[in-house]
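Below is one structure, written out as structure tokens; comments come after it.
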Amino acid sequence: MSEVIDTYGWSKRTTASSDAENADQAEAEAIAQLIVATAVAMHDERLAEELETDSVPATRIEEQLRADVELDSLSGRLLEEIERRADLLGELYPFRLEDGSLVYTPSRSGVYEFCLAVSTAPNVTTGAFTELARYFEILAADVVCHYLGEGSAFVRSGAPAYPPDSTIKTFEDAVKHLDAHTGEWPWCPTEDAEIDSSFIKDEGMDFVVWKTIDRRRGRLFVLGQCACGRSDWHEKTGDLDLDKLRRWIRELPPVAPIRAFATPHCVTGALVFQNLSRLAGLSFDRVRLTSLANSPHAIEHFRQIHTPTLLRLARLVIPNAIVSD
């Protein structure tokens with residue numbers, strides 16, 4: 001593998017997201033077809049065919065060459081993105097480049113495939129696809145829970161309620177659940193908040209993870225914001241604001257909660273990820289979620305608890321998604 005190139009700063013996050021989307025499409029095609037030629041190989045073959053014929057007008061050849069220069073740049077960036085993912089995940093990356101083609105090598109947990117499905121779904125706001133985004137919040141919360149280690153627990157607080165039989169139906173239910181288990185989240189809305197109580201959703205807090213040491217107040221809390229949108233996930237970094245929460249919980253825990261941000265997309269550019277972490281807090285993208293869920297101490301839990309649902313939902317978008325033994 002050639003040296004991984006990383007030149008994207010935060011100002012180029014839109015371009016980086018576009019390259020990541022192209023790589024996602026290549027990965028989805030690799031799963032659908034089991035093997036898919038990279039854009040570079042297709043480009044070389046198409047260019048050769050175009051230039052075989054003497055009857056092509058000079059102006060047409062010049063236009064084609066300009067277009068192919070742009071395609072060559074796009075193809076190169078796509079390969080760089082795939083190489084960045086492979087470099088970060090190592091043997092956990094469920095694809096390999098082989099003779100100019102991308103080959104699918106199923107993961108053990110299905111976390112990568114599920115996140116890829118969420119990222120490439122036509123939308124996550126209508127029909128069956130809405131379950132993708134809602135289950136992603138549960139998956140992300142459980143990954144963060146395992147990251148914190150023994151003594152940790154989580155609750156999904158995002159709106160709307162999920163699954164349908166969940167006892168937590170509202171944001172108030174979620175906060176009262178937290179308080180019942182920790183004694184550090186008393187539901188106490190301000191007067192102006194009471195007026196808005198019937199309209200409250202989740203205040204950007206999609207999940208909460210906490211780690212208990214003993215019975216005393218002063219636990220570590222991680223408040224998670226999830227962003228699944230294909231084009232605007234990086235514009236959601238400020239949705240979770242502790243000041244907004246103080247309208248409902250006037251006295252937050254004595255240890256200031258940590259903000260976290262989770263997205264099913266790959267944010268492989270080092271500077272882009274660094275700035276995402278600075279703006280949104282402790283960040284978990286597809287790479288980190290995959291790495292943590294497939295770690296030796298977590299893999300059996302995720303295979304038993306999550307993999308069947310992950311595969312069912314991934315197949316809504318990528319029918320051929322599977323897992324290895």
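Sort region 190-319 into rounded, prolate or oblate with this rule: let a ≥ b ≥ c be the square roots of the eigenvalues of the Cα gyration tensor; rounded if a/c is under 1.5, and if a/c is not under 1.5, prolate when a/b is larger than b/c, oblate otherwise.
Prolate.
With +1 assigned to the C-beta of every Lys and Arg and -1 to the C-beta of every Asp and Glu, and no other charges, what is the dipole magnitude of region 166-210 about the Cα centre in debye, to the nearest 20?
Dipole of region 166-210, to the nearest 20 debye: 240 debye.
Decide, for region 154-224, between rounded, prolate and oblate: order the square roots of the alpha carbon gyration tensor eigenvalues as a ≥ b ≥ c, take rounded if a/c falls under 1.5, and otherwise choose prolate if a/b is larger than b/c, else oblate.
It comes out oblate by the Cα gyration axes.
Tell me, how many Å apart are the Cα centres for region 104-125 and for region 126-151?
Centre-to-centre distance over Cα atoms comes out at 13 Å.
How big is the Cα convex hull of region 273-325 in projection, averaged over all directions, in nm²?
Averaged projected hull area, Cα only: 4.9 nm².
Any chance you could run the full-extension gain for Q274 through H181? It's 0.36 nm times the residue separation minus the Cα-Cα distance, nm to one decimal.
30.1 nm
Short version: ³J(HN,Hα) in whole Hz for each residue of region 245-253, in order, from phi by Karplus 6.51 cos²θ - 1.76 cosθ + 1.60 (θ = phi - 60°), x for Gly and Pro, what are they?
In residue order, the calculated couplings are 5, 5, 5, 10, 10, 5, 10, 6, x Hz.
Expressed as a fraction of 2.2 N^0.38 Å, the rule-of-thumb size for a compact globular protein of N residues, what is the C-alpha radius of gyration of region 86-141?
Relative to the 2.2 N^0.38 Å estimate, region 86-141 comes out at 1.34.
Counting only residues 5 or more places away or on other chains, whose amide H sits under 5 Å from the amide H of I249 once H atoms are built in the peptide plane?
C188
Pairwise over distinct Cα atoms, reciprocal of the mean inverse distance: report the Kirkwood radius of region 73-225 in Å, one decimal place.
18.4 Å
Can you tell me which of 110-123, 263-276, 219-232 comes out highest on packing, and rank the rest after it, using the mean Cβ neighbours within 10 Å?
110-123, 263-276, 219-232
Given H placed on each backbone N at 1.01 Å, which residues far from C226 in sequence or on other chains put an amide H within less than 5 Å of it?
D206, A262
Which ³J(HN,Hα) values, rounded to whole Hz and listed in residue order, are derived for region 310-325 from phi using the Karplus coefficients 6.51, -1.76 and 1.60 in 6.51 cos²θ - 1.76 cosθ + 1.60 with θ = phi - 60°, glycine and proline given as x?
4, 5, 4, 6, 4, 6, 5, 10, 10, x, 8, 5, 9, 10, 8, 6
Residues of region 129-161 with backbone nitrogen within less than 18 Å of a virtual label 7 Å along the Cα-to-Cβ line of I200, please, listed as ranges.
155-161
Would you mind working out the magnitude of the charge dipole of region 160-277 relative to its Cα centre, with +1 at each Lys and Arg C-beta and -1 at each Asp and Glu C-beta, to the nearest 20 Debye?
Result for region 160-277 is approximately 520 debye, rounded to the nearest 20.
No lab work stands behind these numbers, since they all come straight from the coordinates. None of these values were measured; they are calculated from a predicted model. FYI the Cβ positions are ideal-geometry reconstructions off the backbone, even for glycines, and counts take in every protein chain you see.
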